[in-house]
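Inspection log for the structure reproduced underneath, given as C-alpha cells.
The values are calculated or read from the model by the stated rules, or taken from the named source; none is laboratory data. These figures come from a predicted structure and were not determined experimentally. Note that each Cβ is placed from the backbone with ideal geometry, even for glycine, and that neighbours are counted across all protein chains shown. Heads up: the accessible areas ignore ligands, DNA and RNA and are worked out on the full protein's heavy atoms, side chains in. Shrake-Rupley method; radii C 1.70, N 1.55, O 1.52, S 1.80 Å.
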Amino acid sequence: MSRSSRRAFLGTLGAAAVVLPEFRSLRVGADRAAAAPAAGQAAASYDLLIRGGRVIDASQNLSGERDVAIANGKIAAVQANIPASRAPEVFDARGKLVPPGLINVHAHLYKYGNTVTVDQEPVGFPAGVTTAIDAGSAGANTFLGFRKFVIDTSPLRIYAMLNIAIIGNYGNELYLNMSLINARSAIRTINEQRDRILAIKVRINGIHDELANDVEVMKRAREAADATGLPIMMHWSNEPDLLAMLKRGDILTHPFAPPSPRMPNLFGGQPGKVLPQILELKDRGIVTDGQAGSSHHSWEVSEKAFSQGWSPDLISTDIGARTPQTPNGQLLPWVMTQFLHLGLTVEQVIERVTLTPTRVFKFPEKTGTLEPGVAADVTIIDLQEGNFETVDQQNNKRTVRRKFVPVAVAHGGTLTNIDPAVHANVYAGLKI
C-alpha cells in the first residue's frame, strides 16, 4: 500500500484509525539483497515461496502439506519440499491453511455512491479477500461512476452485479417507479462493461403481497439476462411464480433470514421443514448464496436447516452500511467460521469461497485455484482453537470452538502481512 493511499484509507475510517496503522503491507522474508546468490551460484527459481502449509485447493482435489512457489506474479509450482534456497523470499506457513485467495461474492462497495455501501479496502486484503463482487450497488445510470472511482482504483480485484434498477441500490429501489426498471439500459451497460459485470441483481422483497410488482421486475431482469447470457441473483422468495422465472445458473440469496412477514427464508415462516420448492432448487441448477454472520441470519433458522441436511452453495458476507455493526460480524473469515460451526468441514467452507464462485460467475481471468500459470492469489489462514463468541442478526450468541484468522495474502505475487489485532478490530471501527 503506497503512503498516499494509506493516508486516504485512514482518513475514511475514523475510529478505525486507532488500529489500522498496525496493518502492514510488507514484503515478508529474507532481505532480497542479503538473499542474492553469491558469484557463481545459480539464480533463484522463484520470487516467493510459501512453505509447509496445508494447501487446500478444491480445483485440484488437494488438501495436504505442500509448498507454493510464485514467480512473475503467477503460481509456478505446488509440491512438497521445495528448497527454501530457490526463492529470495520465504513465508513459513507451517500449521496454517493455504487456500487460493478468498472470493467474497456478495458485498456492497460503492462507498459514497449510495448509503448502503462500505469502503472496499478494510474488507478486502485485511480480511484475506483478494476478489470481491459488488452485489448491485450500481445500476445502468450509476455504474460508470462506480467503475471510475472504486473498481479501477482499488488494489482489490472487484467485479460487479448490475442492479436492474438504473439508479442502483437505494433502499427499496424496485418499488419506487417501474420506469427505473429498464432492461434495454441494463443490456447496453453490460455489453459495454463485459470485463467487470458478472450478473444482474434483483433486490425484490419476495413476499406475496408484492407479487405482481416482483413478477414484472423479474420479467425485465430475465430479458436482460437472456440477452447477455448473465445469471440473475434474486433476493430470497418462496413464491412459486417467482422461483419459476429462475433458470439454471441463477442465484437465490439470503436463505437464513429471521422469521418475518416482510423477509422470507427457506422455511417460509417459523422454522419447520425446508419448503419443497426450495429443495427442488438444486435439481433445477439454481445456486443458493448464504450468509451466517450478522446480516440476513438467524441461528434458529440456519441450525434447523443444517439439521435437515440443507446448506447453501456459496458463502458470502453481504457487508454493507446497514449491516448490524458487531465486531467481525461480516468479515468473510468470520462468516466462514460460523459455517464451520454449523457443520461444514474446513474443505467444504473453503471450496464455497474459492472454487464454487468460479463455477457460478464467468470471471474473465482464472481465479479460485492454485493451478500453475494463474495469477498468484493466495490466502494464508490460522485455524485457531478456543472459545469464541459470535452472533446473528438478532444478537443471539453462540460459542464456536474454531475460527479462521487470515495472517497474510499474496495478490498477484505480492505478499501482505495481516496483523491479527487489526483483523479482530477493523470491522468494529469502520465508519459506515
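Return yes when residue 218 is outside any loop (DSSP other than H, G, I, E, B), touching a helix residue (DSSP H, G or I) at 6+ places or on another chain (Cβ under 8 Å) and buried (at least 19 other Cβ atoms within 10 Å of the Cβ) and no when it is not.
Yes; evaluated as a whole, the condition is true for this residue.
Across the range 265-287, which residue is farthest from residue 299 (Cα to Cα) among those that are of a type in the set (Val, Ile, Thr) and under 23 Å from the mean Cα position of the chain (by Cα)?
Pass one, the range 265-287, residues of a type in the set (Val, Ile, Thr): 274, 278, 286-287.
Then drop every residue that is not under 23 Å from the mean Cα position of the chain (by Cα), which leaves 286-287.
Values: 286: 24, 287: 21 Å.
If we take residues in the range 265-287 being of a type in the set (Val, Ile, Thr) and under 23 Å from the mean Cα position of the chain (by Cα), then 286 is farthest from residue 299 (Cα to Cα).
Only one residue in 213, 191, 205 is assigned to a helix (DSSP H, G or I) and either within 22 Å of the chain's Cα centre (by Cα) or surrounded by 15 or more Cβ atoms within 10 Å (Cβ to Cβ) (or both), so which one is that?
Just one listed residue meets the conditions, 213.
Please find, among 154, 179, 185, the residue that is among the small types (Gly, Ala, Ser), closer than 30 Å to residue 379 by Cα and free of Cβ contacts under 8 Å to residues at least 60 places away in the same chain.
154
Identify, by number, the condition in (1) more than 19 Å from residue 363 (Cα to Cα); (2) at pLDDT 95 or above; (3) open to solvent by 10 Å² or more (accessible area, probe 1.4 Å) that residue 150 doesn't meet.
Residue 150 satisfies every listed condition except (1).
Is there a residue in the range 335-343 that is at pLDDT 90 or above, outside any helix (DSSP H, G or I) and farther than 24 Å from residue 210 by Cα?
Looking for residues that are at pLDDT 90 or above, outside any helix (DSSP H, G or I) and farther than 24 Å from residue 210 by Cα, one finds at least one in the range 335-343, hence yes.
State the number of residues belonging to the range 355-390 that are in contact (Cβ under 8 Å) with a residue 12 or more places away in the chain and open to solvent by 20 Å² or more (accessible area, probe 1.4 Å).
Of the residues in the range 355-390, 17 are in contact (Cβ under 8 Å) with a residue 12 or more places away in the chain and open to solvent by 20 Å² or more (accessible area, probe 1.4 Å).
Return the only residue of 67, 92 being more than 20 Å from residue 349 (Cα to Cα), crowded, with 24+ Cβ neighbours inside 10 Å and at pLDDT 95 or above.
67
Residues of the range 132-180 being over 15 Å from residue 202 (Cα atoms), in a loop (DSSP other than H, G, I, E, B) and not aliphatic (A, V, I, L, M), which ones?
Once the filter is applied, which keeps residues that are over 15 Å from residue 202 (Cα atoms), in a loop (DSSP other than H, G, I, E, B) and not aliphatic (A, V, I, L, M), the range 132-180 yields 141, 142, 154, 155.
Take residue 133 and tell me if it is free of Cβ contacts under 8 Å to residues at least 40 places away in the same chain and within 15 Å of residue 253 (Cβ to Cβ).
No, not satisfied.
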